[in-house]
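Please read the structure below before turning to the comments.
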Amino acid sequence: GNLRLIPKLTMLNQQQHGIGLALVPTLLLPTQSSDSDYFADDGVTFAPEIDVSRTIAKLRLAGNLGYAVRPRAELLDLVVDDEVFARIGASYRALPVVDVDVMLATAIATKGSGSGYLEAMLGGTLALRNARIFIAGGAGLHDGFGTPDYRVLGGVRFSSSDHVDKVTTPTEPAQTDA
């Protein structure tokens, strides 16, 4: 596998501009040689993308469009090189700390003979104070290079601020010693 470094540079936020917009300059660093197991690229991959998002009540919508620049690799008649990729997704806040997520992802080769992939995923997220624990599973919808038969993934995202949307409830007036 590869080590992914994924910084997110926020350019617009929904509270001030009505829409979220971010630049995500992802860097993938190989952790092993692809000659031994077909699970990693031989070199560094740079995959910048633009992310757009909007929240409407309990529904969050997002889309990403990017370009992956990676080393050319060949195996028999398959040539893997740069690609354009896109994802669209939605998340519904089912409970105050639980989201149900759906996503559709695709990539199209810009060079080489790889035909690209198409994949659908369904998952869930549990929001804690400064972390989100997620799990998802999905299947390939197209028989091209990079399309998984199935995929299961999970992880934890950390933040320096509390990203759990607060449910506003009436509060009692502050008590003062007078």
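Computed FRET efficiency, Cβ-Cβ of Val98 and Gln16, R0 22 Å: what is it to the nearest 0.05?
For R0 = 22 Å, the calculated efficiency reads 0.20.
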- Taking Cα pairs under 8 Å and at least six residues apart, what relative contact order does segment 73-120 come out at, in percent? 39 percent
- Query: Simple spin-label model, 7 Å along Cα-to-Cβ: Ala120 to Ala90 in nm?
  - Reply: 1.3 nm
- Query: Tell me, what HN-Hα J-couplings in whole Hz come from the Karplus equation 6.51 cos²θ - 1.76 cosθ + 1.60 at θ = phi - 60° for each residue of segment 9-16, using x for Gly and Pro?
  - Reply: 9, 6, 9, 9, 10, 5, 4, 9
- What is the extension gain from Ile133 to Thr26, computed as 0.36 nm multiplied by their sequence separation minus the C-alpha to C-alpha distance, in nm to one decimal? 36.4 nm
- So, in nm, how far is label Phe46 from label Val156 when the simple model puts each one 7 Å beyond its Cα toward the Cβ? 3.2 nm
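Throughout, read-outs are computed from the coordinates displayed, never taken from laboratory work. Remember, predicted model here, so these are calculated numbers, not experimental data. Cβ sites come from the backbone with ideal geometry, for glycine too, and all protein chains shown count toward neighbours.
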